[in-house]
Amino acid sequence: MKRKLIIITNLLIMGSIMLFIIRYANIKATESYSNEIAAFEKLTITINQIIANYLEDEQHLCDLWANYINRSAQEGSPMTSEEAINYIRKAKISPEIEGHLVFLDTPERNGLSTGADASDHGVYTVSYKNVKIFDNIEGVSDENDVVGLTRAYTNPMNGVQSIAFVNNVTVLDTQSNEQKSALLMRVVPLSRLDQKLVFLKGGYENVEISLVDNEGNYVVRGKSFKNSNFFEYYKSYNAASAEQYGQVISEIAGGTGTITIKNVKGEDCVLSYTPLKIMTTWFLLAYIPEKDLVASRSIDWLLLGIASIGFIFLLIFNSIVMMIYNRKLSEAAMQANQANEAKSYFLSTMSHDIRTPMNAILGLNEMVLRESGDDNIRRYSESIRTAGSTLLGIINDILDFSKIEAGKMEIINVDYSFASLLNDLVNMVQKKAEDKGLAFNLDIDRTIPVLLNGDEIRIKQVIINILSNAVKYTRQGQITFSVHAHKTEDKPDSVVLRVSVADTGIGIKPEDIDRLFVAFERIDEKKNRNIEGTGLGMTIVQRFLDMMGSHLEVESKYGEGSVFSFELEQKVVKWDPIGDVEEAFRRSLSIRSNYHEKFTAPDARVLVVDDTPVNLTVFVNLLKQTQLKIDTAESGDEGIALFSANHYDVIFLDHMMPDKDGIETLREMKNMTGTPNTGTPVICLTANAISGMREMYTNAGFDDYLTKPIDAERLEMMLQQYLPEDKVVTSQETDETDDYVLPQFLSDLKEIDIDSGLNYCGDGESYIMALEMYRESAEKKAEEIEKYWAARDIKNTTIKVHSLKSTLRAIGAPELGEFAARLEKTGNDGDMETLDKELDKLLSRYRQLARDLEPLNGDDAYEKDL
Amino acid sequence: MKKTFRTLLSLGMAALMLQGCGSQNKADVAFVPKYDKESEFSLTVAGYYGNFESLESEFERFYEYYPNASLQYVTMDDYNNVISSALVNSEPPDIFTTNSWMIGNEAYDDMFNACEVLSDSSVGIDYSCISESLIRTTDSGDVVMIPIFATSFGMLVNLDIFEKEGLKVPTDFGELMDVCAKLKSAGYESPMMGADRFSGSGLFNCFAYPMYAYNVKNNIDKIDAINNFEPGSGEFMRPSLERLNELINSGCIDLAKCQEEITDEYDSVIMRFFEGDVPMMFATGDVVSGTAKRESKSDAFSAHPFKYRFYAAPSADDGGFFINSTSICFSVNKNSRNIDMANEFMRFLINRKELGNMAALKRLIPPVDDLSVDEIYSELSKMPADRCFSDKETGLLDPAVRQFRAAIYAVGNGTMTVDEAVAAYGNIPEE
């Protein structure tokens, strides 16, 4: 396409230059032609002058004869016609020229001639009866030097084509003895005029001079002219309409000019015309073939030809050079693609290779968390889990980005519960926020439909990225997570979700906002160097949103906070509203507890095949409390051997194994007959977290898949799904006995309602932890409220009071919580006065309760009862 | 394209059908220049035609063989009176036009004396393609003039009128009377028109001369008596004069209208015919030759063009006659300063192809023995062979022809009766 464009552009430029050359050459040729025409016209005018001089000379001689004859008459002794003719016979010098004296008033229009009849030498009488030349003679007058001229005619005395100069004379009629008018004619052979024209060609070899009268009849005719009349000639050989014909006649009769006509061969010829100066009835025509005037044009075509060839060579040369460069560029692009593919492969491999040991780390850590009673160990272990999760997130980001770059990322829409999605999000983020002392506010539209259709995983990933960023970059204050929904008119089966995350974090400078979406770019690197991250989060978010037909909007004020939001259209599967999820989360949060197996299945038997022994250890330990019988195998063949020997209720097969991978192993298992495992579900274990995975493994024959590192909860859920129901005994959490003994002093505290607290927190341990958390953070939170109130920042004061209200309810201080709720409403109403009066009381009681809980600090009163 | 094709087809068919009127069909021999092609020379051809485009086109073709030649056609005023003088002056024409009627006329003895004998084998002109019946010789049997064009006498017929009125073009006198009556009743004041002139192109001559000539031809043994105006020889005119009288009295032709509206025997005839309301216009081939050029000059014809053809006048009870008559001839001035080149040009021109080209351009009948005629003359090809003849076959000399013209002019215009004209033969006043 590009090459075509370049060639077309080249051709256009060359074409333009060629056109310019042609146009320039034409202009020059036209100029040259115009100059030639002007010169030719000038020649015509010069010839005109010479002919006019000649005609005037001849007329002058005729006038001399007439004057002499008329003088005799004026002196009273008029000449007879014979005397007059004799006089002329003596006066004329040239034998070719004749003098005729004609009496026009006689029927025969006869008279005398100086020359005898050529065919009868004794006869000197001349008759013009059949020669019609006297009707339109111009300039016949008694004045001298006024040319009176006949058309070209045949001299009746000798048959010679002639012209005659005329003047009036008076002679004596011998019969009546009276004076009589006659016409004196100086008859000149046309050949004399013709001979003069021969020498008037100037520098033009092929010029032909013609003289025509006003009716177009030739007086002198050039060789190339045909017909007896020029106008007839023009009409015969030039395709002209009557109008054009009339125009040409009037042009030629109208003055001096030049026209182009066709000759008998159809060739273009130039005709220059001008009226004879001394008379208006004769016109001089100068004719020349056009090619004689435009011969120089061929040079321009030569120039054009050379330029064309030059351009073609240039084009070929450029094409060759371009081809060579293109080949080099292609090679470079191929190398770059190969490098990119290698990078993608590397990232993918690395991701897989990292995820595999991560499975061991996180899995074993989970064991530690479950089994260790030492709080310090548990804290360390919790830190490992957090760091592991972070590392896993980074790996996932890199993997996602590499997939996006390679164009392998796909959006897979499924039906999903929006409440469940929110639950996951809140669970993932809320604790992190609270750990940093940030208020995590939820603002969820209760009308959002419960069941939507979309790519749940990517949506979750987008929101987690935004929320995680908000937590990471907010040192104090709060994070508000809002989700609202509205319907669209044109799509009645869809809903548009508006997701917004507002924080009171460090904010972004306006000039940095665009950099937010550039891969591997980290904003304010110097300031945020301690904040972990790859710089890929927002890039991935933006790409995912783009793939889902949305985009991220960012509003930020540097140093004050940011709002990240986006709108997403989702198909609605079930329109029932999700209701008050905020309260549900609070409840679920409060009852968050340590690990408990979801079920026990002592009669069930499971086979797990993985080439990494530590993974097998993790797998076995994660399910230890379920009392499952678990057989392990470290290779496909070993697994097949067990498969053929024992019955299993569920089989887990690792995908990536040396020698025989999971798919090959499964194929072999499926092909086996007579095994005790017909119909046993087989689940793939994989560290490949790629889109389309479910289809890939389903097509390979697996019933399901589980990604590594293995999520213990998900593993148990999957087993619950696939194990025979009769072998599974579901654990009843409600039946659990609270292992914690609450300190006695709590019962004495007036502000505290233990039952309410336990109801919120779920069990005694959680309740004690909530109370401890309250005690530790109370002073800090109170100071924050006071600080905001001192600055009369009613908004943040109200938000903080809202947070206080929630905390108080969670620890079972309903009365104080109600007090806080009232003040929150007061704040929302903007009632500064009431706040001013009541806030101190609230904070005073709040601090007092914290002080009352001081015994919890270092007290062993609530030790776990093992 | 279609028109050209139709013309060619028609010419071809006409040529085939007219074979009955000719005798020879010799193959043409291509012209081979006899002299150096680089020869520089000038020739003047003199004549009385105002325009001679067909000849000028031959000049151009001749230049292909002699590119340095310069040929010029000159129209001479008062040609018939001046040509003899012109031949002896200092600038004589090299070639000039002559007419068959000039033979035998003393006024042209000097002119013929100045003519090259073209039948002389040393001149090298092969005129065998010319219809022998058109070639005239001097008393000594020399050929000094070669026909260039042939002509005939008849009438132009407006075929659109006949088609419109649902009539057929008459082929004999009875049909003519019938058609004229129908045309008159359809509103055509004068179904036939023509130039009321003394000349050969006059309407009376076009109608009556072929009938008269046919009669003379059939009585060739009396030709001397007719030519010598012997008493009683005027009787040979009687049938044609009576038929003319019959035509005039039938009301087919309004002479007053003709005299008023047709003021000459050439231009006016054509232009009046092109008005489109004249079903039949008496004309000669020479008049027909001017039609092509004048079609565009006539506003009426340009606005409403119509189809027309040349027919023999249906003067006899059993039809009309096609008389093949010489229009003009070319003679060579034996005193020409370029006599060799003048003869060379004649050698080039006297050729079936070149004469055919000229005739096509001029819209005249070529003088060759196998007629390749213009489409307009195509109806002549339908004439029976026994009614086709040349004026040479009649043996009539110019004085006798002129007396016949005087007779029909007088009878036609009512200045003489048929009996008076027959009786006055030899002494009928001429124009």
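At-a-glance table
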| quantity | calculated |
| --- | --- |
| DSSP-assigned coil residues among chymotrypsin sites (Phe, Trp or Tyr not before Pro) in region A:143-222, each with at most 14 further Cβ atoms within 10 Å | A:F199 |
| Cleavage-rule hits, GluC sites (Glu not before Pro), region A:52-82, DSSP coil, Cβ neighbours within 10 Å at most 10 | A:E75 |
| A:N326-A:D546 FRET efficiency (beta carbon distance; Förster radius 41 Å; 0.05 resolution) | 0.80 |
| Furthest towards positive pole of dipole, A:V650, A:P681, B:S128, structure part the protein assembly as shown, Cβ charges | B:S128 |
| Selection from A:S127, A:M548, B:M281 lying farthest towards where the dipole of the protein assembly as shown points positive, charges on Cβ | A:S127 |
| Centre separation in Å (Cα based) which lies between region A:79-126 and region B:242-284 | 43 |
| Prolate/oblate/rounded call for the protein assembly as shown, Cα gyration tensor, a/c under 1.5 rounded | prolate |
| Gyration tensor verdict on region A:13-130 (Cα atoms; rounded if a/c is under 1.5, prolate if a/b is larger than b/c, oblate otherwise) | prolate |
| Lysine pairs within region A:45-190, Cα separation less than 25 Å, 8 or more sequence positions apart or different chains | 4 |
| Dipole axis of region B:90-218 (+1 Lys, Arg; -1 Asp, Glu on Cβ), positive-most option in B:Y209, B:A181, B:F153 | B:A181 |
| Per-residue mean of C-beta atoms belonging to partner chains within 10 Å, peptide A:126-134 | 2 |
| Packing-based exposure ordering (other Cβ within 10 Å, fewest first) of B:V88, A:V682 | B:V88, A:V682 |
| Built amide H within the under 5 Å cut-off of A:Y558, gap 5+ | A:I508 |
| Size of electric dipole in region A:213-269: Cβ of Lys, Arg +1 and of Asp, Glu -1, about Cα centre, debye, nearest 20 | 280 |
| Distance (nanometres) between label positions extended 7 Å along Cα→Cβ at A:V563 and A:K223 | 10.1 |
| Separation of alpha-carbon centers, region A:392-436 and region A:28-52, rounded to whole Å | 93 |
| Estimated inter-spin distance, A:I259 and A:D514, nm [label 7 Å along Cα→Cβ] | 7.1 |
| Given charges at beta-carbon only (K, R positive; D, E negative), |dipole| of chain B in Debye | 1200 |
| Spin-label pair B:K168/A:N427, simplified geometry with 7 Å Cα→Cβ offset, distance in nm | 11.8 |
| Debye, to nearest 20: dipole size of the protein assembly as shown, +1 on Lys, Arg Cβ, -1 on Asp, Glu Cβ | 1600 |
| Long-range HN-HN contacts of A:A813 with modeled amide H, under 5 Å | A:D753 |
| Shape call, region A:536-576: gyration tensor on alpha carbons, a/c limit 1.5 | oblate |
| Low-density loop cleavage sites - trypsin sites (Lys or Arg not before Pro) in region A:747-827, where at most 13 other Cβ are within 10 Å (DSSP) | A:K750, A:R792 |
| Residues whose placed amide H lies under 5 Å from that of B:G319, excluding near-sequence neighbours | B:F173 |
| Karplus (6.51, -1.76, 1.60) ³J(HN,Hα), θ = phi - 60°, over region B:108-118, in Hz, Gly and Pro reported as x | 10, 4, 4, 4, 5, 5, 7, 8, 5, 7, 6 |
| For a label point 7 Å along the Cα-to-beta-carbon line of B:D318, residues of region B:153-187 with backbone N under 16 Å | B:171-175 |
| Region A:473-496-region B:71-145 distance, computed between alpha-carbon centres (Å) | 120 |
| Among beta bridges that DSSP assigns inside chain B, antiparallel share in %, nearest 5 | 60 |
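Quick note: the coordinates plus some simple rules give every number you see, no bench work behind them. Here the structure is a predicted model, which is why all the values come from computation and not from measurement. Cβ coordinates were reconstructed from backbone atoms using ideal geometry, including for glycine residues, and neighbour counts include every protein chain displayed.
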